[in-house]
Amino acid sequence: MDIIFLGGLELETVIGIYDWERRIKQKVVLDIDMAFDIRQAAATDDIAHTLDYKDVTDRVAYFVENSEFLLVETLIEKIADLLLTEFPTPWVRVKLNKIGAISRARDVGILIERGNR
């Protein structure tokens, strides 16, 4: 299976369990891999036969920027579910980085895989 990917998608959202986190937007960075067979798109040179990553980006960005979850675990699970239910991909890998969440670590986050590869 081929993989279409989006790397370094920077978005701002309300995320966190502390009172101060509920009053601000924080940056999260997403890396998304989606399984998709690109052969028909390649053979026809027609975007109608592929997974349009602009549509994926716009949908994920809208969802994340309008969400207000407490836990990154909830946010990443909802993103994976959105991708699997709204787009023709049987498998996704999503990495969510909440930069600066821990003062002594540059990167903090979660990496999940959902669906069937």
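The values are calculated or read from the model by the stated rules, or taken from the named source; none is laboratory data. Small disclaimer: the values here were computed from a predicted structure and weren't measured. All Cβ positions, even for glycine, are placed from backbone atoms using ideal geometry, and neighbour counts span all protein chains on display.
Matching residues to (1) in a helix (DSSP H, G or I); (2) without any contact (Cβ under 8 Å) to a residue 24 or more places away in the chain:
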site	(1), (2)
M34	no, no
Q40	yes, yes
A48	yes, yes
L83	yes, no
L96	no, no
A105	no, yes
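Condition check: in contact with a His (Cβ under 9 Å, 6 or more places away or on another chain) and hydrophobic (A, V, I, L, M, F, W, C). Does I17 satisfy that?
Values: in contact with a His (Cβ under 9 Å, 6 or more places away or on another chain): no; hydrophobic (A, V, I, L, M, F, W, C): yes.
When the stated conditions are applied, I17 does not pass them.
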(request) Could you check K27 against (1) under 12 Å from the mean Cα position of the chain (by Cα); (2) part of a strand (DSSP E or B) and say which number it fails? (result) (1)
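Is it true that I32 is under 13 Å from L6 (Cβ atoms) and surrounded by 12 or more Cβ atoms within 10 Å (Cβ to Cβ)? Break it down stepwise before answering.
Working: under 13 Å from L6 (Cβ atoms): yes; surrounded by 12 or more Cβ atoms within 10 Å (Cβ to Cβ): yes.
Criteria met by I32.
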(request) Filter the stretch 62-78 for residues that are of a type in the set (A, V, I, L, M) and either free of Cβ contacts under 8 Å to residues at least 40 places away in the same chain or farther than 14 Å from K95 by Cα (or both) and give the result. (result) L70, L71, I76
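Here is a yes/no grid of residues against (1) under 21 Å from E113 (Cα atoms); (2) surrounded by 13 or more Cβ atoms within 10 Å (Cβ to Cβ):
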{"position": "M1", "(1), (2)": "yes, no"}
{"position": "I17", "(1), (2)": "no, no"}
{"position": "W20", "(1), (2)": "no, no"}
{"position": "A43", "(1), (2)": "no, no"}
{"position": "T57", "(1), (2)": "yes, yes"}
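Is it true that some residue in the stretch 98-114 is surrounded by 16 or more Cβ atoms within 10 Å (Cβ to Cβ) and within 15 Å of M1 (Cβ to Cβ)?
We begin by selecting, within the stretch 98-114, every residue surrounded by 16 or more Cβ atoms within 10 Å (Cβ to Cβ); these are 98, 101, 109, 114.
Now restrict to residues that are within 15 Å of M1 (Cβ to Cβ): 114.
Among the residues of the stretch 98-114, at least one is surrounded by 16 or more Cβ atoms within 10 Å (Cβ to Cβ) and within 15 Å of M1 (Cβ to Cβ), which makes the answer yes.
Of all residues in the stretch 21-47, count the ones that are farther than 21 Å from K78 by Cα, at pLDDT 95 or above and not charged (D, E, K, R). Talk me through it step by step, then tell me what you get.
Taking the stretch 21-47 as the starting set, the residues that turn out to be farther than 21 Å from K78 by Cα are 23, 37-47.
Applying the additional criterion that residues be at pLDDT 95 or above yields 23, 37-46.
When the remaining residues are screened for being not charged (D, E, K, R), the result is 38, 40-44.
Residues that pass the stated criteria total 6.
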